[in-house]
1. Applying the selection to the range 286-316, what residues are surrounded by fewer than 20 Cβ atoms within 10 Å (Cβ to Cβ) and of a type in the set (Gly, Ala, Ser)?
2. Among residues belonging to the range 169-196 that are under 30 Å from residue 82 (Cα atoms) and in a loop (DSSP other than H, G, I, E, B), point out the one that is least open to solvent (accessible area, probe 1.4 Å).
3. Just to be sure before I move on: is residue 147 within 21 Å of residue 279 (Cβ to Cβ), part of a helix (DSSP H, G or I) and acidic (Asp, Glu) in the structure I sent?
4. Looking for whichever is surrounded by 17 or more Cβ atoms within 10 Å (Cβ to Cβ) and closer than 20 Å to residue 294 by Cα here; the options are 110, 117, 96, 56. Which one fits?
5. Which of the numbered conditions does residue 196 fail, given that it passes all the others? Conditions: (1) touching a His at 6+ places or on another chain (Cβ under 9 Å); (2) over 22 Å from residue 160 (Cα atoms).
6. Considering the range 216-247 alone, what residues qualify as being in contact with a Leu (Cβ under 9 Å, 6 or more places away or on another chain), part of a helix (DSSP H, G or I) and crowded, with 22+ Cβ neighbours inside 10 Å?
7. What strands (runs of 3 or more DSSP E), lying completely within the range 53-139, carry at least 2 residues that are not aliphatic (A, V, I, L, M)?
8. From the list 51, 85, exactly one residue is modelled with pLDDT of 95 or more, more than 21 Å from residue 310 (Cβ to Cβ) and either among the aromatic types (Phe, Trp, Tyr) or not assigned by TED's automatic domain parsing to the domain that holds residue 123 (or both). Which is it?
Amino acid sequence: MKFTSVLAAGTAAVLALGLSACGSGGDDGGGGGTADVTITMLPKNLGNPYFEASTAGAQEAAEELGATVEEVGPDTASPDAQVPFINTAAQQGVSALVVSANDPTAIGDALDEARSAGTKVVTFDSDTEPQFRDLFVNQASAEGIADKQLELISDQIGGKGEIAILSASANATNQNAWIAIMEEKLASDYPDIELVETAYGDDDDQTSFDKTAALLQSHPDLKGIVSPTTVGIAAAARYVSTSEYKGKVAVTGLGTPNQMREYVEDGTVEAFALWNPTDLGYLATQAAAALVAGDITGEEGDTFEAGRLGEYTVGADGEVLLGEPYVYDASNIADFDF
């Protein structure tokens, strides 16, 4: 959350707009460039600030490319809630779908039908099984994200004590991949830190808030909460900020600067990580346009120009990697606005 080489290089240009496109659409094999390219952006759910930022990036890329982006999606992030939107997009004959999957397999049949109808499928943020899409634009490597969150919580609790994880939905592909790696790394590299519970807030603010309260009540010796979801970390920080646990229980994970600014400034949160979701949506849209134009097919080794982000290479299993996680704290959070 994604959650980058652009960030790591210093992100004063995080939301830089209006740069000239290095367009991936050409006149070769792509049906005359990108002017007639229509892209449907399908996040896990609407009303989520993280996905609002990624859609803003998608719209930025579309403007540069002369393509059209429409955002649609369910109100709740449930495994099958995206299927009707996929079906509608395919029936409308859109050029490409850019999807953050709520489940690795539940939307597979719908995506297969869309691809059979000629729609290119790019997943971003949260992947499906590889056979259901053409490309996956990954915010950062799963190991890199897991490592960064463990580094943060270990630093903040002095390398020992009980921690809990507050995740999104139990079926979220990306969350589960990160958590599995964190569990492995805790056992091997952090012997004095104990993971006592993993709770699920379903990427809903109130549910995540309530789950935070339950975690703290169930585990009186809890030293920290790691929430690898932008909704969860903000809800956890909000609860802790006005509770007896402020200054006693660390809260970290993956969040956006605008969500977390007040909690960093009031001392509830020391540091957290993310990628740039705006860049993630921008890159996914550039990749989708490159697929539609025929510049790439999704094969390993394919390269394409992604506007202001530069050149990218498709890796194994059709994966394109945005970059590495970036840490936000009191020293830099004022520099960002998303």
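1. 294, 301, 310, 315, 316
2. Within the range 169-196, the first condition is being under 30 Å from residue 82 (Cα atoms), and the residues that meet it are 169-183.
Applying the additional criterion that residues be in a loop (DSSP other than H, G, I, E, B) yields 169-172.
Details: 169: 17, 170: 56, 171: 69, 172: 2 Å².
My answer is 172.
3. Values: within 21 Å of residue 279 (Cβ to Cβ): yes; part of a helix (DSSP H, G or I): yes; acidic (Asp, Glu): yes.
Judged against the criteria, residue 147 is a match.
4. On the way: 110 fails: closer than 20 Å to residue 294 by Cα; 117 fails: surrounded by 17 or more Cβ atoms within 10 Å (Cβ to Cβ); 56 fails: closer than 20 Å to residue 294 by Cα.
One residue alone meets the criteria, 96.
5. (2)
6. Once the filter is applied, which keeps residues that are in contact with a Leu (Cβ under 9 Å, 6 or more places away or on another chain), part of a helix (DSSP H, G or I) and crowded, with 22+ Cβ neighbours inside 10 Å, the range 216-247 yields 230, 232, 233, 235, 236, 239, 240.
7. Correct list: 68-71, 120-124, 135-138.
8. Working: 51 fails: modelled with pLDDT of 95 or more.
Matching residue, one of 51, 85: 85.
The values are calculated or read from the model by the stated rules, or taken from the named source; none is laboratory data. The shown structure was predicted, so the numbers you read here are calculated from the model rather than taken from an experiment. A quick note on method: Cβ atoms are made from the backbone with ideal geometry, for glycine too, and the neighbour counts reach across all protein chains shown. The accessibility values were calculated without ligands, DNA or RNA, using every heavy atom of the protein model including side chains. Shrake-Rupley method; radii C 1.70, N 1.55, O 1.52, S 1.80 Å.
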